[in-house]
Structure formats: C-alpha cells, structure tokens
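> Quick one: structure below, then a few questions.
The values are calculated or read from the model by the stated rules, or taken from the named source; none is laboratory data. From a predicted model like this one, the values you see are computed outputs, not experimental measurements. Using ideal geometry, Cβ is built from the backbone for each residue, glycine included, and neighbour counts are taken over all protein chains shown.
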Amino acid sequence: MRGKFITIEGTEGVGKTTNIQFIQDWLKAKNLAYLCTREPGGTPLAEQIRDLLLAPRDELVCDTAELLLMFAGRAQHLNQVIEPTLGEGAWVLCDRFTDATYAYQGAGRGMCADLISELELIVQGSLRPDLTLILDIPVEVGLKRASERSDPDRFEQEKTEFFELVRNGYLNIAKEDPERCVVIDASKSLESVQREISIALEAFWCPSEESG
C-alpha cells in the first residue's frame with residue numbers, strides 16, 4: 001500500500017519546527033513508518049539549491065529564476081526521496097511543498113498561477129499531498145517570532161506587505177481545497193495548536209485505518 005503524503009505550510013514564525021516534531025511523535029505512536037523532509041531541500045543537490053535561494057545577496061534575484069530554482073529542487077526531491085518513500089509504503093512529512101510556491105512566488109511575487117500550475121504538472125504529474133496543515137498567524141506576530149530566533153534569510157528580509165500577500169495566498173488555497181487543507185490557528189497556545197493538529201490528524205487517519 002502506498003504511503004500518505006502530509007505537508008506543513010505557513011509563513012515565517014508560525015511554529016512549523018515545533019509542530020512537525022509533534023506530528024512525528026504522533027506518527028511514531030501509530031507505529032507508522034515515515035520520513036520527515038523539507039522544501040526547498042531534502043537531497044544534497046536540493047539543499048544546495050536551498051542555500052542559493054535563501055542566502056541574502058546584493059544581486060536582485062529574478063522572480064522567474066527563483067521560481068525555476070524552486071521547481072528544480074522539487075524535481076530532484078521527488079525523484080530521489082518523496083516518490084520512492086511513498087512507493088515503499090512509508091508516509092512522508094514535508095515542511096512546505098508546492099502550496100508554498102503558490103503562496104510565495106504566486107501571491108507574494110505576483111507570478112502567474114497558470115505558469116506555476118504548468119510547472120507543477122511537469123514536475124509532479126498527478127502527485128499532490130494527501131493532507132496539508134496550514135499554520136496561520138498574524139504576519140507581524142510571526143515576523144517578531146522569526147526575528148528572535150536567527151538572522152533573517154533572503155525571504156525574511158521582505159517587507160510586511162509581502163508576507164500579508166503570502167498569508168492571504170495560503171488562506172485562499174485552503175478555501176479552494178478544503179478537503180485537503182486544514183487551517184490551524186497558530187496564534188493560540190502551543191497546547192491548543194497541537195490539540196487542533198491532533199484532531200486533524202485523527203480525522204485523516206481514521207478513514208485510512210478503516211480501509212486498511
């Protein structure tokens with residue numbers, strides 16, 4: 001049986017790292033084989049592409065170059081890690097995936113959604129996540145959290161208005177695909193956030209459990 005593909009999305013400072021660990025603990029409790037990975041990244045080549053994308057630089061990065069680098073890393077990640085793992089029956093938990101491209105490069109940069117969709121089809125074929133958890137938080141709160149943890153990367157140096165567009169992009173994705181996407185209010189206490197995540201995971205797990 002093919003494994004399930006779960007993605008975690010959200011803007012800066014939503015608490016993805018902490019909550020991804022919580023989801024890993026949930027998967028372990030269910031005795032599910034899984035792999036935790038991230039985008040951009042996930043393979044040696046894709047991690048090098050990640051470094052190129054995130055490193056602050058004086059040179060202005062062309063939006064098209066940024067978009068193509070995202071999908072180049074994704075193609076390698078899918079070919080070397082995600083598809084083989086799912087094919088072996090293990091679950092994949094991924095920190096961001098193509099929804100991030102629609103949110104950041106599409107909504108944030110203003111790039112054409114049809115172009116992103118074409119690249120998505122070329123790189124992924126019919127593959128889409130089975131469940132996407134979108135951690136949502138007011139932008140100013142998230143940016144304050146992010147600024148306290150490390151020096152800003154190239155994306156984190158963007159203005160607040162950019163992240164407002166990204167956040168709205170994520171919320172629109174959730175509205176358009178409510179069967180796959182669950183929005184989690186990440187401004188609540190950690191206990192409340194993880195309770196919501198657990199409810200979403202259990203609701204997703206039960207049909208799989210019954211069919212299996």
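> May I ask you to list pairs of residues, at least six apart or on different chains, whose Cβ atoms are under 9 Å apart, with the first in the range 89-101 being within 19 Å of Trp26 (Cβ to Cβ) and the second being surrounded by fewer than 23 Cβ atoms within 10 Å (Cβ to Cβ) and among the small types (Gly, Ala, Ser)?
As it stands, the answer is Gly89/Gly3; Gly89/Ala33; Ala90/Gly3; Ala90/Ala33; Trp91/Gly3; Trp91/Ala33; Val92/Gly3, since those pairs meet every condition given.
> Another question, if that's okay. Within the range 39-54, can you find the residues that are in contact with a helix residue (DSSP H, G or I) (Cβ under 7 Å, 6 or more places away or on another chain) and either in contact (Cβ under 8 Å) with a residue 24 or more places away in the chain or part of a loop (DSSP other than H, G, I, E, B) (or both)?
Listed by number, the residues that qualify are Glu39, Pro40, Gly41, Gly42, Thr43, Leu45, Ala46, Ile49, Leu53.
> Follow-up question, since we're still on this one. Identify, by number, the condition in (1) buried (at least 19 other Cβ atoms within 10 Å of the Cβ); (2) under 14 Å from the mean Cα position of the chain (by Cα); (3) closer than 21 Å to Arg195 by Cα that Leu27 doesn't meet.
That leaves (2) as the condition not met.
> Does Glu196 qualify as being part of a helix (DSSP H, G or I), within 25 Å of Gly110 (Cα to Cα) and without any contact (Cβ under 8 Å) to a residue 40 or more places away in the chain?
Answer is no for this residue.
> Then there's this: Being surrounded by 13 or more Cβ atoms within 10 Å (Cβ to Cβ) and either among the acidic types (Asp, Glu) or more than 26 Å from Pro56 (Cα to Cα) (or both) is the filter here, so list the residues in the range 135-156 that pass it.
Within the range 135-156, Asp136, Asp153, Glu156 qualify.
> Also: Going through the range 133-160 one residue at a time, which ones are at pLDDT below 95 and charged (D, E, K, R)?
Glu140, Lys144, Arg145, Glu148, Arg149, Asp151, Asp153, Arg154, Glu156, Glu158, Lys159
> Going by the structure shown, is Glu120 loosely packed, with under 14 Cβ neighbours inside 10 Å and under 24 Å from Leu93 (Cβ atoms)?
On the way: loosely packed, with under 14 Cβ neighbours inside 10 Å: no; under 24 Å from Leu93 (Cβ atoms): yes.
It is false that Glu120 is loosely packed, with under 14 Cβ neighbours inside 10 Å and under 24 Å from Leu93 (Cβ atoms).
> Just name the residue that is nearest to Arg38 (Cα to Cα) out of those in the range 85-114 that are among the charged types (D, E, K, R) and more than 11 Å from the chain's Cα centre (by Cα).
Glu88
> Something else: Taking the range 152-176 as the region of interest, how many residues are part of a loop (DSSP other than H, G, I, E, B) and of a type in the set (Phe, Trp, Tyr)?
1
> Quickly run through the range 28-72 and pick out the residues that are in contact with a Lys or Arg (Cβ under 6 Å, 6 or more places away or on another chain) and not small (Gly, Ala, Ser).
Passing the criteria: Glu39, Pro40, Leu54, Pro56, Asp63.
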